[in-house]
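Have a look at the structure below before the remarks.
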Amino acid sequence: MFESLQSRLSGVFDKLRGRGALSEADVDAALGEVRTALVEADVALPVVKDFIDKVRPRAVGENVIRSVTPGQQVIKIVHDVLVETLGEENAALNLGSPPAPILMVGLQGSGKTTTSAKLALMLQTKEKKRVLMASLDTTRPAAMEQLKVLGEQAGVATLPIMPGQAPLDIARRAMASAKVGGYDVVILDTAGRQHVDEQLMQEVAGVKQLVSPHETLLVADSLTGQDAVNIARSFNDRVHISGIILTRVDGDARGGAALSMRTVTGAPIKFLGAGEKLDALEPFFPARVAGRILDMGDVVSLVEKASETLDKAEAEKLAAKMKKGQFDMNDLASQLNQMKKLGGMKGVLGMLPGVGKIKSQLDAAGLDDRILTRQGAIIQSMTKQERAQPDTINGSRRKRIAAGAGVEVSDVNKLLKMHRQMADMMKKMGKGGRMPQMPGMGGMFGGGMPPGFPGRR
């Protein structure tokens, strides 16, 4: 998400960073490029105008003109206004007293049912809430069955299906069941349509009046661009949404919908959905997203994700082996799997500062998750003994491993070289030495890392 906007803004601000002083004309020229970048990113025109109107008075002030680093000052101002536009800080769910009803609304195809299951799983695992899900969708074939299956996959209770009931009756039964069953949260998945119509709005309004939800969350597909803004406005006018969940953000290179919807509705973006997996739902932190857009990275989110994802027992086991100077192919395979859990190559690199500047080089180098898969296949093609003692892998064994993994012998050589470099690094760290620059990174990704990365000069 925001890739194209990030790329455009990085180019604009690189010009500013290199200037010793900025005139009002320089600032106006830069803001003109920022305006164009926002329009190209599908941000609504009124939002673009409001954004520039907020930035310009601050950017041409005396504090910037007389600053030692005026370019950096302008970037900070743009960052601050981005944060203001996106919503200042993360907006937590208002759960209140149990059972707390959460109404999920949106158009058909926006990912509403899957998002309901994702939200339920997150509340159940991270917030330790007992959650009941209920489908009010009586129009889409197998909609109720879909939620039931997702509930079984997530380990979340779903309301038993009773054919022939109207949405209001299902909502009433769901709230009664939640009270009797001692549930903390009830997630009500309403029906969607292909477009906003009166029947849909009346149905949603009726359910809202009946259950008085603590949250009314609009699920919107970020790929719909400008139309997502119109959809958000329509729902907000009729049922007053309290928050927004953007789905398919992993496929949106523009991201204008996020900037626009918050401004148009006044409702905060609360979650982002990236991917089909049930754990692929993350809280929306405006400051962190603003940092990603301006290529400042999001190391905080990366660390949080790592702490949630990485296996503590495995980490302790690896630390113990490091002290002995041991690091075999099984350990390397474990590290590759951990990388996949963190979101793969692009997921990790996207959270690191400055990566946006060399995105084209990374793409040209072919840095994607296929590399991790290929390296995993090479390790799997080794025997148990070879994985434990990689030094025993001679020329004939390399040919056999390459044939088994469906790769070239050169790919096996690169992996073995990377392992050797990482093993040496682990040995130094185990002896109490300082962590050296990771020379293995270049080899890790097929020797195609761009200049400026470890392993390249």
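Laboratory data are not the source of any read-out in this text; all were calculated from the coordinates shown. A quick note: this is a predicted structure, and the numbers were derived from the prediction, not measured. We place every Cβ from the backbone using ideal geometry, glycine too, and count neighbours over all the protein chains shown.
Summary table
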| item | result |
| --- | --- |
| In order through the stretch 203-213: 3J(HN,Hα) via Karplus (6.51 cos²θ - 1.76 cosθ + 1.60), integer Hz, x for Gly, Pro | 5, 5, 4, x, 5, 4, 5, 6, 9, 6, x |
| Quotient of Cα Rg and 2.2 N^0.38 Å for the stretch 196-277, N being how many residues it contains | 1.09 |
| Ratio Rg/Rh, restricted to the stretch 100-294 and using Cα atoms, in which Rh is the Kirkwood radius | 0.95 |
| Which of K148, K414 has the fewest Cβ neighbours within 10 Å, and the rest in rising order | K148, K414 |
| Protection-proxy order for peptides 155-168, 35-48, each taking the mean of Cβ atoms within 10 Å per residue, highest first | 35-48, 155-168 |
